[in-house]
Structures are given as C-alpha cells and as structure tokens.
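*Asks:* First, the structure itself, so that you have it in front of you.
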Amino acid sequence: ALDPGLAAAHAHYAGALVQIGKPREAIAEVRRAVRLEPYNPRRYYGLGYTLTETGHFEQAIPPLEQAVRLAPSASFSRMGLAQPLIALRRYAAARENLRLALAARPDDVFSATELARVYWLGWGDLDSARAVLKAITGVHELNPVLINTWYRQYYLARDYKAARRFIEQATDIIRADGSQSRDFYIARLDRAEHHREAALAGFEKARQWVERKLKNTSASDHLRRAQLLAMRAEILTGLGKGAEAIASARQASRTMTYEANALGGPHFLLALAKIYAANEKPDAAIKLLRRMLEKPMGTAISVALIRLDPAWDPIREDPQLIALLKSHAPRSDPDVLASTAGTL
C-alpha cells in the first residue's frame, strides 16, 4: 500500500499467499515482482519456486533457468532449478545442477544434502551420496542441517550401528535444537535390530515428547504439525497401536496436502504408505505407492528408493509391489537401469 512498486514486498506477499492456500493469487504477485525487477535473479527464482510449490513444475523451469543465466555462480539458482526437475524425476538433470551449485559454493550444505537425496532417488546410489556429504568443505558432519541426511544415509545402508554411533555423537545438538527427538531415532534403530524391549521404552519416551510438541505447535503451522503427526504415527506403530498410527498418518497427510504444497505434501502421503505397510495393510500401501509413482512426486518417491528403503521390507515380496516396480522402472536413463538391474 505504501509503495506498490516495491518488488520485494510482492515477492514476500506471494509466499504468504502460498502458505494460506491461495496459489493463483500468489503466482500473480510474484509475476508482478518479476515485472518490477526483470534484472534481479531472485525475482525469477521466487517465481520458479512459487510455481514449483504449487505443482506447476514444467512452468517453473524457464524462470529458474533465467535465474541461473542472471546469476550463474549463485548456488541458490541451481538449487531452485533442481526442485522441479526432481519432482518430474529428471534426476540426471537435477544432479548436474546441484553439482554445479556445489562447485560454485563447496560449503553449501543445502545443495549437498539435496544432491545426496538425488542419488538415493535416482539410482539408489549410497556410495555417491556418502561421497557428496563427506566432501562438504568447512562443515562438520554434525552440522544441524546434515543430521537427518547422515542418519538416513546410514539407515538406508542398513548400517544401524553406524547410525546409532552418529546419533550418540549428535545428541547434544539434537537436544539443543529441540525440534527432534533422540529417543525416536534410537527406538527406530532398536526396532530394526529386533531389540523389542528397548524399542518399546524408547518409543514411549518419544511419544511423550511428540505429544508435548503437538500441544505447543500452532494449528496454522501446517508443515510442523504434519511432521509431528507423521512421527507420532511411526511411534504408535512401534508401540503396537496400529489403528491409532494409521489415523495419525492420515491426519498428517490431510494437514499438509499435495494440493497445498506440491513439494512437502508427497512426503506425508509417503509416510502414510509406510504406516500401511508396517501395519499389515499391503493393498492400501501399494495403492498409494501406485498413485504417487504415477504423479510428479519425485521429491519423495522413486522406484530406486523403494527398492532401497528398509521401510518396505514388510511388503517387499508382495507380487503387487514387484509388478508395480517393474511397470514403473525408468526406461530412458541407462544409469538408472544399470543400478537397478537384477534387484528384484
């Protein structure tokens, strides 16, 4: 109102509109910001990111490419361009952009963690992902941004002892951060290693922690509430409360939907599918996986990652899942075909 020509105000207003579920208005505002500052790479980045968040992945690519042209050495431009490419499962193109982002800024932990995820999603390639995480310059592996990625790297590799050592080393950081539960991490490992009593005790502590967090988290903070509800679902599964776990996972997927946020929403559908699988609901799990594989939800799920993730062990031999993975196996990328050949 004070200055209609202030591009930054339109850009931030667009971000707020996305959060309250008004994508059309958000896109209009961020386009206005681009018109006001057509020389500013951050405006094109903002347009591309808004289009990505609202599920317009193909439309997001041109403005993000323009952001790269205007700021070729800026890691944020390459990082932004990688997002719609990942959603569309164009993992090789995303990989190259993230490599270039890291070449421009070797200490960029965000590009590094995203590149590690691309290796998991595109090729189930844990070795390359580990190399990326190890190569970040000037950043310790216990950096708070890296904790979840390192833990998941060890978990996907089924190296549960290494994952446990890592969490024990990171305990002080996790507690200081306050947004994560050490008991949850450890209980998950105890469950994977069949330490039943220890897992039950850990999940019970984690349940108390997550209930406190939910009580103190605003209803308007959809992302955080969805994260906590999904965590509670896994905790309840660990405690043998299958029906309650499924209810919590469904609530998470309704709290942050794909329609509201095309980047975040798929992760909560994936969490629901995992809870179905863990609670002997293979038909429901596979139906949801089929839906996800048929849509541009490549930020959360891929054939390679399903083959890799221990979460799918309860239904791994199900003929429906085997047929689903075969029918959706990538056919155009020889790297993907080579890395997944024979894994069924």
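*Asks:* Out of the residues in the range 65-104 meeting the condition of being basic (K, R) and in contact with a Leu (Cβ under 9 Å, 6 or more places away or on another chain), tell me which one is farthest from P296 (Cα to Cα).
*Replies:* So the residue we want is R99.
Residue-by-condition table, conditions (1) aliphatic (A, V, I, L, M); (2) modelled with pLDDT under 95; (3) in a helix (DSSP H, G or I); (4) within 16 Å of P319 (Cα to Cα):
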{"site": "L269", "(1), (2), (3), (4)": "yes, no, yes, no"}
{"site": "K274", "(1), (2), (3), (4)": "no, no, yes, no"}
{"site": "A277", "(1), (2), (3), (4)": "yes, no, yes, yes"}
{"site": "D283", "(1), (2), (3), (4)": "no, no, yes, yes"}
{"site": "K295", "(1), (2), (3), (4)": "no, no, no, no"}
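*Asks:* Among the residues of the range 175-192, write down those that are on the phi < 0 side of the Ramachandran plot and surrounded by fewer than 15 Cβ atoms within 10 Å (Cβ to Cβ).
*Replies:* R175, A176, D177, S179, listed by residue number.
*Asks:* Out of curiosity, is K213 open to solvent by 40 Å² or more (accessible area, probe 1.4 Å), under 18 Å from the mean Cα position of the chain (by Cα) and within 27 Å of R165 (Cα to Cα)?
*Replies:* Taking the combined requirement at face value, the residue does not satisfy it.
*Asks:* Give the residues of the range 226-247 that are polar (S, T, N, Q) and under 20 Å from the mean Cα position of the chain (by Cα), sorted by residue number.
*Replies:* Q227
*Asks:* Just to be sure, is T255 hydroxyl-bearing (S, T, Y), touching a helix residue (DSSP H, G or I) at 6+ places or on another chain (Cβ under 6 Å) and open to solvent by 20 Å² or more (accessible area, probe 1.4 Å)?
*Replies:* On the way: hydroxyl-bearing (S, T, Y): yes; touching a helix residue (DSSP H, G or I) at 6+ places or on another chain (Cβ under 6 Å): yes; open to solvent by 20 Å² or more (accessible area, probe 1.4 Å): yes.
Here the answer is yes, as T255 does meet what is asked.
*Asks:* So, restricting to helices (runs of 4 or more DSSP H) that lie completely within the range 161-256, which ones have at least 1 residues that are in contact (Cβ under 8 Å) with a residue 60 or more places away in the chain and of a type in the set (A, V, I, L, M, F, W, C)?
*Replies:* 182-192
*Asks:* Would you kindly identify the helices (runs of 4 or more DSSP H) lying entirely within the range 42-138 that contain at least 3 residues that are open to solvent by 60 Å² or more (accessible area, probe 1.4 Å) and not polar (S, T, N, Q)?
*Replies:* On the way: elements: 57-70, 75-87, 91-104, 109-123, 126-135.
So the answer is 57-70, 91-104, 126-135.
*Asks:* What's the total number of residues in the range 332-344 that are open to solvent by 30 Å² or more (accessible area, probe 1.4 Å) and either modelled with pLDDT of 95 or more or of a type outside the set (D, E) (or both)?
*Replies:* The qualifying residues number 9.
*Asks:* Follow-up question, since we're still on this one. Test D172 against the criterion of being touching a Ser or Thr at 6+ places or on another chain (Cβ under 7 Å) and either open to solvent by 40 Å² or more (accessible area, probe 1.4 Å) or more than 23 Å from D313 (Cα to Cα) (or both), and give yes or no.
*Replies:* Spelling it out, it is not the case that D172 is touching a Ser or Thr at 6+ places or on another chain (Cβ under 7 Å) and either open to solvent by 40 Å² or more (accessible area, probe 1.4 Å) or more than 23 Å from D313 (Cα to Cα) (or both).
*Asks:* May I ask you to verify whether G265 is in contact with a Leu (Cβ under 8 Å, 6 or more places away or on another chain) and open to solvent by less than 20 Å² (accessible area, probe 1.4 Å)?
*Replies:* no
*Asks:* Here is a further query. Any residue at all in the range 313-331 that's under 21 Å from A157 (Cα atoms), small (G, A, S) and either at pLDDT 95 or above or open to solvent by 50 Å² or more (accessible area, probe 1.4 Å) (or both)?
*Replies:* Within the range 313-331, none of the residues are under 21 Å from A157 (Cα atoms), small (G, A, S) and either at pLDDT 95 or above or open to solvent by 50 Å² or more (accessible area, probe 1.4 Å) (or both).
*Asks:* Kindly indicate whether Q208 is at pLDDT below 95 and surrounded by fewer than 20 Cβ atoms within 10 Å (Cβ to Cβ).
*Replies:* Answer is no for this residue.
*Asks:* Next question. Within the range 16-41, how many residues turn out to be closer than 17 Å to N261 by Cβ, among the aliphatic types (A, V, I, L, M) and surrounded by 15 or more Cβ atoms within 10 Å (Cβ to Cβ)?
*Replies:* Residues flagged as closer than 17 Å to N261 by Cβ, among the aliphatic types (A, V, I, L, M) and surrounded by 15 or more Cβ atoms within 10 Å (Cβ to Cβ) within the range 16-41 amount to 5.
*Asks:* Also: Filter the range 133-160 down to the residues that are under 17 Å from A311 (Cβ atoms), of a type outside the set (V, I, T) and without any contact (Cβ under 8 Å) to a residue 40 or more places away in the chain and list them by number.
*Replies:* Within the range 133-160, N148, Y151, R152, Q153, Y154, A157, D159, Y160 meet the criteria.
*Asks:* Which numbered condition trips up K161, out of (1) crowded, with 16+ Cβ neighbours inside 10 Å; (2) at pLDDT 95 or above; (3) not aliphatic (A, V, I, L, M)?
*Replies:* (1)
The values are calculated or read from the model by the stated rules, or taken from the named source; none is laboratory data. Keep in mind that this is a model prediction, so the values were computed, not measured. Because the Cβ atoms are built from the backbone with ideal geometry, glycine has one as well, and the counts that use them run over all protein chains shown. SASA here: full protein model, heavy atoms, side chains in, ligands and nucleic acids out. Shrake-Rupley method; radii C 1.70, N 1.55, O 1.52, S 1.80 Å.
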